[in-house]
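Scroll down for the structure; my scribbles are underneath it.
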Amino acid sequence: MPGLWRFPEGTSPGLTKKLFIRTYGCQMNVYDSGRMTDVLAPLGYEAIETPEGADMVVINTCHIREKASEKVFSELGRLRLLKDARRAEGGTMILAVAGCVAQAEGAFILERAPFVDIVLGPQTYHRLPEMVARAERAAAENNGAGTNGPGVGILDTDFPADTKFDHLPAPTAEGSTAFLSVQEGCDKFCTFCVVPYTRGAEYSRPAAQVIDEARQLVALGVREMTLLGQNVNAYHGAAPDGGAEWTLGKLCRELAAIEGLERIRYTTSHPRDLDDDLIDAHRDLPQMMPFLHLPVQSGSDRILRAMNRGHTAAEYEAKVARLRAANPDIALSSDFIVGFPGETDADFAETLDLVRRVGFIQAYSFKYSPRPGTPAATLETQVPEDVKSQRLAALQALLLEQQAAFNDACVGREMDVLLDRPGRHDGQMLGRSPYMQPVHVEAAEALYGQVVRLRIKSATASSLAGVLADVSAAAE
Ligand code: SAH
Ligand code: SF4
Ligand code: F3S
């Protein structure tokens with residue numbers, strides 16, 4: 001990657017073992033995988049890009065929908081072959097399953113896949129070094145088989161009182177963007193969702209800890225930070241001075257004061273927790289990017305109630321109106337679930353109507369997936385699979401139309417774009433617009449990691465292309 005010098009793979013001083021982490025699920029898992037890499041560095045582990053040749057493999061899993069969970073066991077089957085091959089060569093490969101499937105199904109994983117050495121939940125990865133040391137010792141005593149064998153795998157799915165955040169080493173950063181987890185867990189118990197069970201109760205990191213990590217990231221070259229939380233705008237972290245807890249709005253104000261931090265994003269927001277303080281931050285702070293992921297799930301009040309979302313469609317739209325009054329440039333994305341139990345054609349039509357009224361520039365939409373242990377899974381009014389498929393196709397067609405229309409409307413505009421990746425060919429760079437659209441531009445490598453002003457020249461449904469604004473102005 002231009003501008004980012006690294007030791008060639010396998011040559012970092014002191015890092016003698018190879019670690020491969022595969023990450024599924026949301027950005028919280030991406031952040032956690034980064035921190036697992038950080039906590040394992042003192043044990044001599046260095047991250048590599050493929051599982052082949054790894055001394056340790058972690059799969060960081062997601063339990064949100066059935067399909068996501070199913071992947072775990074097929075992936076484990078493939079990794080078992082690698083582990084066996086390594087053992088046949090006289091080596092060891094420690095295999096760990098982390099994340100939300102680990103939390104939900106830990107004991108079952110060790111039963112069904114006894115070749116797994118370690119199963120750890122999302123709240124215990126600060127204890128990973130100790131678990132790895134135990135697994136390494138067991139492997140040495142056991143001729144490379146690790147803790148292989150029924151009933152001997154290490155399982156840690158606690159929700160410890162001292163949080164992982166209190167034990168993490170200094171962060172590392174690659175490039176100009178970074179995630180920063182500020183909030184975890186959820187107390188909202190939407191009737192379809194596993195997150196309150198897999199991530200535990202709502203928790204906010206103390207403000208001083210967040211500011212400290214943000215400063216360290218900026219010192220490492222980070223220009224754009226995305227604050228993360230399952231309900232990030234429910235943030236209520238302890239104040240550094242012992243005063244009233246900080247809201248997300250207050251946290252954003254303080255982060256915006258850090259010299260060198262040019263852009264602030266946050267995700268995922270819950271409509272119920274979008275308060276005036278945060279709306280005002282969008283009005284007042286140029287660092288706040290005008291793009292908000294604010295999931296609505298459905299446009300039907302009946303379904304929203306059955307989902308236990310705690311708001312109506314009109315209340316959602318009223319919040320959007322307030323946001324747009326604070327900053328007319330604000331654009332939205334959302335998550336949608338189609339085919340929630342009991343959803344009728346009329347309910348679904350209300351979702352389409354809401355999408356038409358609000359207008360989203362990007363969105364994720366899913367067929368409802370019954371999840372074990374959640375109240376909606378046992379409802380008798382499950383929607384047939386073919387109906388879910390038809391509704392998903394109709395919704396996605398509308399959302400894609402809106403996304404393409406927004407991208408088209410960007411042509412001719414000037415935008416500040418953070419160039420954060422090399423492009424497909426020499427002399428090309430790829431960046432992110434304020435609205436997270438990928439933007440291609442012919443630009444010198446020296447601009448890597450910088451925010452540059454681009455004039456948008458063309459658009460597709462999924463990306464933009466631009467030229468440096470001062471160059472285009474000179475040519476006109
Ligand atoms: N905290 C966020 C969402 C986190 S889960 C919020 O409340 O908006 C991410 C998304 O996965 C959800 O917004 C929802 O659209 C989807 N999702 C969660 N559980 C699901 C299920 N059982 N079936 C289908 N989609 C689901
Ligand atoms: Fe899940 Fe609802 Fe919590 Fe979001 S608010 S994480 S959808 S329970
Ligand atoms: Fe998946 Fe857990 Fe995130 S279930 S979406 S990895 S919080």
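Observations
- Once the chain from ASP187 to HIS425 is taken as fully extended at 0.36 nm per residue, the excess over their C-alpha distance is 81.0 nm.
- Other residues lying with their Cβ under 14 Å from the Cβ of SER462 contribute a combined charge of -1, Lys and Arg counting +1, Asp and Glu -1.
- Structure note, pairs LYS71/LYS164; LYS17/LYS250; LYS188/LYS388; LYS18/LYS188: Cα-Cα distances above 31 angstrom occur for LYS17/LYS250; LYS18/LYS188.
- Three-way shape call for the stretch 398-441 based on the alpha-carbon gyration tensor, with the a/c threshold at 1.5: prolate
- Remark: the Cα gyration tensor places the chain in the oblate category, a/c being 1.5 or greater and a/b not exceeding b/c.
- ALA219-ALA404 pseudo-label distance in nm [points 7 Å out on the Cα-to-Cβ vector]: 4.9 nm
- Computed from label points 7 Å out along Cα-Cβ, the spacing between PHE108 and ALA201 is 2.6 nm.
- For the stretch 411-475: rounded, prolate or oblate by the Cα gyration tensor [a/c cutoff 1.5]: rounded
- Stretch gain in nm, segment THR172-GLU259, where the contour uses 0.36 nm per residue and the Cα spacing is subtracted: 29.5 nm
- Largest accessible area first, the residues THR378, THR226 order themselves as THR378, THR226 under a 1.4 Å probe with ligands, DNA and RNA left out.
- Linear extension gain, GLU141 paired with GLU445, 0.36 nm per residue minus alpha-carbon span: 104.4 nm
- Highest-first arrangement of 265-276, 228-239, where packing means the average Cβ count within 10 Å: 228-239, 265-276
- Theoretical FRET efficiency, 1/(1+(r/R0)^6), r = Cβ-Cβ of ARG357 and ASP335, R0 25 Å, to 0.05: 0.90
- For peptides 248-260, 430-442, 65-77, sequence by mean Cβ density within 10 Å, most packed first: 430-442, 248-260, 65-77
- Heavy-atom accessible area ranking, 1.4 Å probe, most first, across ASP277, ASP117, ASP426: ASP426, ASP277, ASP117
The values are calculated or read from the model by the stated rules, or taken from the named source; none is laboratory data. Quick caveat: nothing in here was measured; it's all calculated off a predicted structure. FYI the Cβ positions are ideal-geometry reconstructions off the backbone, even for glycines, and counts take in every protein chain you see. Accessible surface areas use protein heavy atoms only, side chains included; no ligands, DNA or RNA. Shrake-Rupley method; radii C 1.70, N 1.55, O 1.52, S 1.80 Å.
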